[in-house]
């Protein structure tokens, strides 16, 4: 799978390369520029700043990525999670390298992680009691956005895993430095 | 009136839609943008698709068509398809002019009186110089084809592609085409672009997007900014001038192209005089 560089970036994709290497997801999607052009504003909205705190969003993204075993997303979002203020031990627990219960004692966060496990860790409906617990801590719009964030992460998890997208050298160096590789 | 028709009417978008009929060719010219040759993948659009593009182009408000390749006349259905397309919009067909056998020339009678121009490549009035670029016997075949097509009442244009052409050489070429019955307005001279095989041959001028008129170009691989966009180098299709992979319905790539044109900084368009 060729990852397009700035020199070969199609016209609609060029703006995404203006700030330097845009990463493997953009470089792969650039092969279909009209899809990239439509997808990126959505992804930026979903993964960028929104009404939800960055920490909350990274809990969802990293946990989902761990459940779907997406190497690229786990590595990229271990860094994003650390930047959002999560402790190294919290990152390891979300990745399944330690018990979640020891690290996440906040009831709202526990309810959220149970919800994510229900959305991304199994098929079929999420058990009603898990939904009720989530709703007792989060407003309806938050639940909608958190669920869409889990679903969007799952889409990217499969995209990155199926295509075997490589993690950047810079990200790998940062992970090594943090003992998260 | 569609937004595209309005843009064409206002001169924001050129009126011509180009179609890459195929990528294979009987020649292997030294400056070929698409590295075409007898052994490359054909990547044909197909007659049905060509007709669909023509119909959709007309419906959107485009005003003419161009067919290029590869060598389009390698396709057995080409003449018939061109005649049908010309019922929808005027059309220019680019060819190396070496495949006009007696049977082909008989078919070409169907082009007489139709809004069709056959644009044939001829790079020099000197047979040796021409054949160095385009292959053995090219000059003789091309001159014979031009003569035969003109005699049958088919409009012929001659395209000269050259790195450099001096006044004396140009005059010789003009004498030649006038003698063949091709008027001055049907002789175009254009530079070699440093894309495709021209890169490896050390030929041509570098291009910026701004140098190329934004003529919607449809190929089997997607829609491009210009017929100079879907080039091939090292066997790999260039993607820098790709507009979209989606080509049907035609309004999708046409609207993306218009959006790109409208977002483009104003500048000195078409300074290379590429046609």
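Every number in this text was worked out from the coordinates using simple rules, so none of it is lab data. The shown structure was predicted, so the numbers you read here are calculated from the model rather than taken from an experiment. All Cβ positions, even for glycine, are placed from backbone atoms using ideal geometry, and neighbour counts span all protein chains on display.
Ratio of Rg to Rh for the range B:3-262: 0.94 [Cα atoms; Kirkwood radius as inverse mean 1/r over pairs].
All C-alpha pair distances within the protein assembly as shown, sorted into 10 Å bins from zero, spread as 4, 18, 23, 18, 13, 11, 8, 4, 1, 0 percent across the bins. Counting only other chain Cβ atoms within 10 Å of each residue's Cβ, the peptide B:241-253 averages 3. So if I take the centroid of the Cα atoms in the range A:76-93 and the same for the range B:123-157, what is the distance between those two points in Å? Here the answer is 69 Å between Cα centres.
Distance from the Cα centre of the range B:1-40 to that of the range A:161-181, in angstrom? Computed from Cα coordinates, the inter-centre distance equals 42 Å. Peptide A:9-22 is shielded by partner chain Cβ atoms: per residue, an average of 3 of them sit within 10 Å of its Cβ. In chain A, the longest principal axis of the Cα atoms and the axis of helix A:54-67 are about 80 degrees apart. Placing R0 at 35 angstrom, the Cβ-Cβ distance between residue B:87 and residue B:201 gives a FRET efficiency of 0.30 after rounding to 0.05. Taken along its principal axes, the alpha carbon cloud of the range A:6-47 reaches lengths of 28, 19, 15 Å, longest axis first. Note that the range A:115-173 shows a convex hull volume over its alpha carbon atoms of 111 Å³ per residue.
Here is the P(r) of the range B:109-247: all C-alpha pair distances, binned every 10 Å from 0, give 11, 33, 33, 22, 1 in whole percents. The slack in the chain from residue B:189 to residue B:168, taken as 0.36 nm per residue of separation less the alpha-carbon distance, amounts to 6.2 nm.
Antiparallel beta bridges, as assigned by DSSP with both residues in the protein assembly as shown, represent about 20 percent of the total such bridges.
The angle between the Cα long axis of helix A:71-83 and the main principal axis of chain A comes to about 70°, on a 0 to 90 degree scale. Rounded to the nearest 5, the antiparallel percentage of DSSP beta bridges internal to chain B is 20%.
Each distinct pair of alpha carbons in chain A adds a 1/r term; the inverse of their mean, the Kirkwood radius, is 17.1 Å.
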